[in-house]
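See structure below.
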Amino acid sequence: MVNRREVLASKLLLVAGALMPAPAMADVEAATVSAGKMKELSDNILAYKFEYPVATVSGKPLSMLLSRTPEKYSSAAPLTADARQRIVSEVFDFRTFVTASMNVGPASGVLKGRNPAEWKPREVALTVLVDRSTARTTAGQRVALNDVQEAHLETRDGLQYWVYEHISQGSPTITTRTRESYRHSLAVTSWRPAMDGTPYLYTLNLSCPEDLWPDLEPLFRRSAESFTLLPTTRDYIPPDKDPWLFF
Ligand SMILES: *[C@@H]1O[C@H](CO)[C@@H](O)[C@H](O)[C@H]1NC(C)=O
């Protein structure tokens, strides 16, 4: 018996074959899984784009609302106590607590002053995560235990993207604090030099409650692959331009 996915895949190959070389089998499968389930967010101000899921793999719809409209670094909400990492855009489903957010901030900690070519995947992951958990301690909340499951580097179009999967306990976005909540996240961090030439980290973070993870992981992976730092245009506002001008 031929399964449906194979039939569909061969149809796609037929259509695609007329115009372009056949895509790799894995790409066709990924396209089948994510068909109609992704939307794109693209921002010219900080010059990036990414796709995010609007349904789960099994077809449960997500109402991903733009909870933070893309904005420049200087007017974005601080994410950490020292206000280095800021949320520059976010889409969020208030019912399922699925979120996709972009954080931007200068390279700090062990990354600071080193050549990004030498940054190790785990170092990047922990630096971004530590920056976040500091904020919680200061706010009097329990320090989030972030457990990095896996981290690796992908190079696309000459740019570095560090991809890391992590689990965290508790979250300020969860309003029901009655039961212990675990969140499973997939993040991807890249960098671009700011006006002064120092690297700024751009992090896309896809996150959901642990029980939704199996139904979202393939789509989160696709989001992570879709994250791209775009060539800057005249709309680009470097993050270190007037960093304290809130308006
Ligand atoms: C991703 O979001 C989750 C939930 O808010 C958080 O616990 C985690 O620290 C975030 N990860 C990164 C890399 O920002």
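Remarks
Listed here are the residues, each with its yes/no results for (1) modelled with pLDDT under 70; (2) surrounded by 12 or more Cβ atoms within 10 Å (Cβ to Cβ).
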| residue | (1), (2) |
| --- | --- |
| 4 | yes, no |
| 12 | yes, yes |
| 15 | yes, no |
| 30 | yes, yes |
| 34 | no, yes |
| 58 | no, no |
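- Every pair of residues 6+ apart whose Cβ atoms lie under 6 Å, when the first sits in segment 97-118 and is outside any loop (DSSP other than H, G, I, E, B) while the second is more than 14 Å from the ligand (Cβ to nearest atom) and small (Gly, Ala, Ser): none
- Of all residues in segment 199-213, those being at pLDDT 95 or above and over 20 Å from residue 36 (Cβ atoms) number 9.
- Residue 88 meets the conditions (1) within 23 Å of residue 197 (Cα to Cα); (2) at pLDDT 90 or above; (3) part of a loop (DSSP other than H, G, I, E, B) in every case but one. The failed one is (3).
- In segment 200-227, the residues that are buried (at least 18 other Cβ atoms within 10 Å of the Cβ) and part of a strand (DSSP E or B): 200, 201, 202, 203, 204, 205, 206, 207, 208
- Members of segment 46-95 that are more than 15 Å from the ligand (Cβ to nearest atom), hydrophobic (A, V, I, L, M, F, W, C) and closer than 16 Å to residue 189 by Cα: 46, 47
- Meets criteria (within 21 Å of residue 99 (Cβ to Cβ), among the hydrophobic types (A, V, I, L, M, F, W, C) and in a helix (DSSP H, G or I)) for residue 186: no
The values are calculated or read from the model by the stated rules, or taken from the named source; none is laboratory data. Quick caveat, the model's predicted, so the values are computed rather than measured. For neighbour counting, all protein chains shown are included, and Cβ atoms are generated from backbone atoms with ideal geometry for every residue, glycine included.
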